[in-house]
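Here is the structure we will look at, set down as structure tokens.
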Amino acid sequence: RFLAEPPPGHLHSRILGLDNPHVRSRGLLARFSHLTPERRDARLYGKYAAAKGLIYPSFSDAVHVVRSPRIGNDWRRFRSIDFGYWFGCLWGALDPDRDQLVIYRELKTQDVNLSTNARTIQSMSGVERYDWTLADPADKDARNTLQRVHDMPTYKALKDVEAGIDAVLERLAICQ
């Protein structure tokens, strides 16, 4: 609305990423090639874009899903927990040779009982060791309960949704 009908005395300017003299245009185009056209236009041409539709339109089962991945013993392992309408936990491992992140296990449930979910995570985790477990920062009480009651320390995840979406899109990009 501000762009379409600026209030009296207000102006707006558009900053183009392609005008940056310190970054090659070809590099920027490649850097944002994995984004949706709306998000790419926002980064390159300064166009306003509201997030809509599929968040990860480039995701493809045929390309991104590996059945029974082999996780090396030297791979760093992580867990990520989201408390919400759908409670979720993802297990991931990072291949040090290819800088490839593999999500190898998932828990997704509408069960709201944190203790039940914590016991399920512990059971699914077995004896694996993790470099860290991230958890949704919005629920400090749940994070504290996981640590105090279930001996599952967590780190508060950053709540920068845009940066998180961009990071996942980068990981989904196919390297040529």
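The values are calculated or read from the model by the stated rules, or taken from the named source; none is laboratory data. As the structure is a computational prediction, the values presented were derived from the model and not from experiment. Counting neighbours? That spans all protein chains shown, and the Cβs are built from the backbone with ideal geometry, glycine included. For accessibility, only protein heavy atoms count, side chains too; no ligands or nucleic acids. Shrake-Rupley method; radii C 1.70, N 1.55, O 1.52, S 1.80 Å.
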Looking only at region 135-163, which residues are closer than 15 Å to residue 90 by Cα, out of contact with any Pro (no Cβ under 6 Å at 6 or more places or on another chain) and open to solvent by less than 50 Å² (accessible area, probe 1.4 Å)? 135, 136, 152, 154
Can you say whether residue 117 is free of Cβ contacts under 8 Å to residues at least 60 places away in the same chain and touching a Leu at 6+ places or on another chain (Cβ under 8 Å), as far as the supplied structure shows? yes
Only one of these is touching a Leu at 6+ places or on another chain (Cβ under 6 Å) and either in contact (Cβ under 8 Å) with a residue 12 or more places away in the chain or farther than 22 Å from residue 162 by Cα (or both): 34, 10, 22. Name it. 34
I need the full set of residues from region 40-49 which are surrounded by 14 or more Cβ atoms within 10 Å (Cβ to Cβ) and either touching a residue at least 60 places away in the same chain (Cβ under 8 Å) or part of a loop (DSSP other than H, G, I, E, B) (or both), in order please. 46, 47, 49
Counted residues in region 30-39 being aliphatic (A, V, I, L, M) and either surrounded by 14 or more Cβ atoms within 10 Å (Cβ to Cβ) or at pLDDT 80 or above (or both) come to 1
Taking region 11-29 and keeping residues hydroxyl-bearing (Ser, Thr, Tyr) and in a helix (DSSP H, G or I) leaves 25
Got a number for residues in region 50-67 being open to solvent by 80 Å² or more (accessible area, probe 1.4 Å), at pLDDT below 75 and more than 16 Å from the chain's Cα centre (by Cα)? 1
Based on this model, can you work out whether residue 134 counts as in contact (Cβ under 8 Å) with a residue 12 or more places away in the chain and either closer than 23 Å to residue 35 by Cβ or out of contact with any Gly (no Cβ under 9 Å at 6 or more places or on another chain) (or both)? yes
Out of 146, 158, I need the residue that is in a loop (DSSP other than H, G, I, E, B) and in contact (Cβ under 8 Å) with a residue 12 or more places away in the chain. Which one? 158
Quick check on region 68-122: of everything there that is open to solvent by 40 Å² or more (accessible area, probe 1.4 Å), part of a strand (DSSP E or B) and hydroxyl-bearing (Ser, Thr, Tyr), which residue is modelled with the highest pLDDT? 80
